[in-house]
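Presented below is the structure to which this report refers.
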Amino acid sequence: MAHPHDEDPAELFRSAIGEVTPLRKGSGPAPSAPKPRPRARMAERDEQEALGEFARLLRGSAPLDAGDALSYRRDNLPPRMFQRLRKGQYSVQDELDLHGATATQAEQLLRQFLLEAHAHEHGCVRIIHGKGRQSDGGAPVLKNLVDRLLRLRNDVLAFHSAPASQGGTGAVLVLLAR
């Protein structure tokens with residue numbers, strides 16, 4: 001009696017799969033499994049790094065809440081000009097709406113917006129960051145990001161959350177150096 005291990009593996013394979021019909025040449029490509037949807041791994045990683053960087057910035061000081069006012073004034077800016085900004089008395093020459101942007105996108109959009117504002121010699125602009133109520137239990141990401149980024153810029157003389165009629169704590173008015 002033949003031992004099962006003595007059988008030819010090719011013969012075992014053919015008997016297991018049964019009758020085979022060879023494909024004719026030119027009958028099209030062999031069927032393939034659907035390709036996985038591409039994932040923007042680099043973008044995801046960049047976003048994680050940006051959020052990590054952002055988290056580090058926040059650890060340095062308590063993050064702002066949705067209802068907190070953003071407020072900053074350079075020492076060399078006369079208090080009278082800052083009061084006018086707080087009251088929304090400067091005409092807004094351009095506006096940037098960051099609703100729905102990720103932290104990485106918001107940072108790029110903000111930098112580009114300020115470059116263009118500078119190029120057009122705008123004196124006052126409004127940035128809508130939203131109140132951040134959708135933020136998952138944590139601090140409003142975009143609001144805090146805008147606050148930190150504006151403080152680091154040499155072309156920003158002052159900023160303050162907009163009066164209620166102009167977006168309140170969901171927007172900020174920025175006074176720019178000409």
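Between the DSSP loop rule and a limit of at most 16 other Cβ atoms within 10 Å, which trypsin sites (Lys or Arg not before Pro) in segment 91-167 are left?
Values: sites: ARG111, ARG126, LYS131, ARG133, LYS143, ARG148, ARG151, ARG153; in loops: LYS131, ARG133, ARG153.
Loop-located and lightly packed - ARG133, ARG153.
What full-extension length gain, to one decimal in nm, is calculated for ALA10 and ASP75 as 0.36 nm per residue of separation minus the Cα-Cα distance?
Numbers: separation 65, 0.36 × 65 = 23.40 nm, distance 8.56 nm.
Fully extending the segment from ALA10 to ASP75 adds 14.8 nm.
VAL92 versus VAL20, label points 7 Å from Cα toward the beta carbon: distance in nm?
Between VAL92 and VAL20, the label points sit 7.0 nm apart.
At 0.36 nm per residue, and after removing the present C-alpha to C-alpha distance, how many nm does the segment from SER165 to LEU115 gain when stretched out fully?
Numbers: separation 50, 0.36 × 50 = 18.00 nm, distance 2.68 nm.
Extra length from SER165 to LEU115 when fully extended: 15.3 nm.
The numbers here are math on the coordinates, done by the rules we state, and not lab data. Not measured: the values here are computed from a predicted model. Here the Cβ is made from the backbone with ideal geometry for all residues, glycine too, and neighbour counts use every protein chain on show.
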